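Working notes, structure below.
The values are calculated or read from the model by the stated rules, or taken from the named source; none is laboratory data. Remember, predicted model here, so these are calculated numbers, not experimental data. Cβ atoms come from the backbone with ideal geometry, glycine included; neighbour counts cover every protein chain shown. Surface accessibility is based on the protein's heavy atoms, side chains included, excluding ligands, DNA and RNA. Shrake-Rupley method; radii C 1.70, N 1.55, O 1.52, S 1.80 Å.
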Amino acid sequence: MVKTISDIALSRLVSLIDIISPSMQEREMISYLRNDWCPVAPEGQMTVDAIGNMEFAVRRSDAYPTLALVAHADTICIQITQKAGTGKFRFRSVGCSPHMLLGQKVVIVNEAGEKFNGVIGFDATSQYGQPKGLVFEDLWIDVPDYGHCQSIEIGDLVVLKPGYMTGGESIIATALDDRLGLFILGEVLRWYAHDDVPVNLTCVATAQEEVGLRGSLAFDFSHTPDAVIVLDVDYATDIPTPHEDQMGRLCLGQGPGVLRKADNSPLLRNFIKSVASIHDIPLQTSLGRFVYGGTDCSSLQATRNDYGFPTANITLPVRYMHSPIETASLTDVAHAIELVKRLTAHMPTVSGFTLKS
């Protein structure tokens, strides 16, 4: 089965990429999702909790199983720590590395939501403190529009300037982590709204994933799900330094991945694999970077009731994670959408994923 996404769907993905949503300040993305999801399924109930997680729950019947789909709304960023002269600012990292930032265009967003363009400046005559290599102290933010610098304060957040390009079946963009997960979630919701599948669907956009999964740690479902699937990205290993000995093999163009690690239920994972097999959807098995953690699965796995609920990741292989040139396969994205649709449709046939006594 070879799938692709339509031009209209691609435009929706680009709209997500364009949104400024740094970790700890995701309100613009949450507002966008509210305006996007509510008209699709008017019967859904929308809530936003104190930390900024958004839950959109569609309840068709208490007799139906409930599937929860989760993706995170934030992106990596940097945070201004000090004014360093006219239009110059020092910063600290929120998930970024110095070599990735060198010479990049950025957007500063202050607490009022105002945005300012800047670049990551550096000393072109320096050898970056050799032998220590490039460090954050070698870099600063340079804002050309000096007249508005008084509106920029210590603590303001800064993201890579949004951008994308496509070529063949690939998309290269900022913030594919986790715009791809949000996109898949939205496309499944559009299908679900026009299908009479006997399943209750809960869609969740979490905050602060990039700062220790803090959003999902604070989140509690309004209706206990029977299964939770976290839609996120994972490190592709089809690069010249693949690290397959640590993470297994995960390649662009060979389908989405399903993780085999401690915070992924083997029963739910086997259900995902069986549905993929039935419908001839390509699916890769990966190990992830660590044996547990790194995605919202880790914190959502922690029980909110006597028995908890099973969690699993469906991941999109992405090259050059946490950089301005994150690269993914649109075919993989299309297959992931199809897989989650099929999983939703098969949910009523499953008696349970937990080993309750």
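Using a probe of 1.4 Å, the accessible surface attributed to His148 totals some 90 Å² when neighbouring protein chains are kept in position. The heavy atoms of Arg249 present about 130 square angstrom of accessible area, all protein chains included, probe 1.4 Å.
Accessible surface comparison of Phe56, Phe271, probe 1.4 Å, protein chains only, largest first: the order is Phe271, Phe56.
How charged is the neighbourhood of Ala73? Take every other residue with its Cβ under 9 Å from the Cβ of Ala73, and add Lys/Arg as +1 and Asp/Glu as -1. Could you put the intermediate results ahead of the total?
On the way: positive: none; negative: Glu26, Asp74, Asp178, Glu209.
It works out to a net charge of -4.
The residue list Ala302, Pro242, Leu231 was ranked by how far each Cα lies along the charge dipole of the chain toward its positive end, using unit charges on Cβ atoms, and Pro242 comes out on top. What a 1.4 Å probe finds exposed on the chain is 51% carbon and sulfur by accessible area, rounded to a whole percent. Exposure check, 1.4 Å probe, all protein chains in place: Arg319 carries approximately 60 Å² of accessible surface. Near Ser170: Cβ cut-off under 13 Å, other residues only, Lys/Arg at +1 and Asp/Glu at -1. The net charge is -3. The charge dipole of region 73-154, taken about its Cα centre with unit charges on the Cβ of Lys, Arg, Asp and Glu (plus for the first two, minus for the last two), comes to roughly 160 debye.
The alpha carbon radius of gyration of region 49-146, expressed as a multiple of 2.2 N^0.38 Å, is 1.60. Relative contact order (percent) for region 13-63, with alpha-carbon contacts under 8 angstrom and 6 or more residues of separation? Value for region 13-63: 23 percent. Along the positive direction of the dipole of the chain (beta-carbon charges: Lys, Arg +1; Asp, Glu -1; about the Cα centre), which of Gln82, Cys203, Phe271 reaches farthest? Final value for the positive-end residue is Phe271. The residues of region 150-243 have, on average, 35 Å² of accessible surface per residue, using a 1.4 Å probe with all protein chains present. Secondary-structure-derived ellipticity at 222 nm for the chain, considering helices only, amounts to -7500 deg cm²/dmol, per-run term -39500 (n - 2.57) for DSSP H runs with n ≥ 4. With every protein chain in place and a 1.4 angstrom probe, the accessible-area ranking of Asp62, Asp123, largest first, reads Asp62, Asp123.
Evaluated over the chain, the count of Lys pairs having alpha-carbon atoms less than 15 Å apart is 7 (only pairs 8 or more residues apart or interchain). Taking a ≥ b ≥ c as the square roots of the eigenvalues of the Cα gyration tensor, region 1-60 is classed as oblate, since a/c reaches at least 1.5 and a/b does not exceed b/c. Distance from the Cα centroid of region 127-198 to that of region 200-230 is 21 Å (rounded to whole angstrom). Taking all protein chains together, Ile154, Ile281 sort by accessible area into Ile154, Ile281, largest first [probe 1.4 Å].
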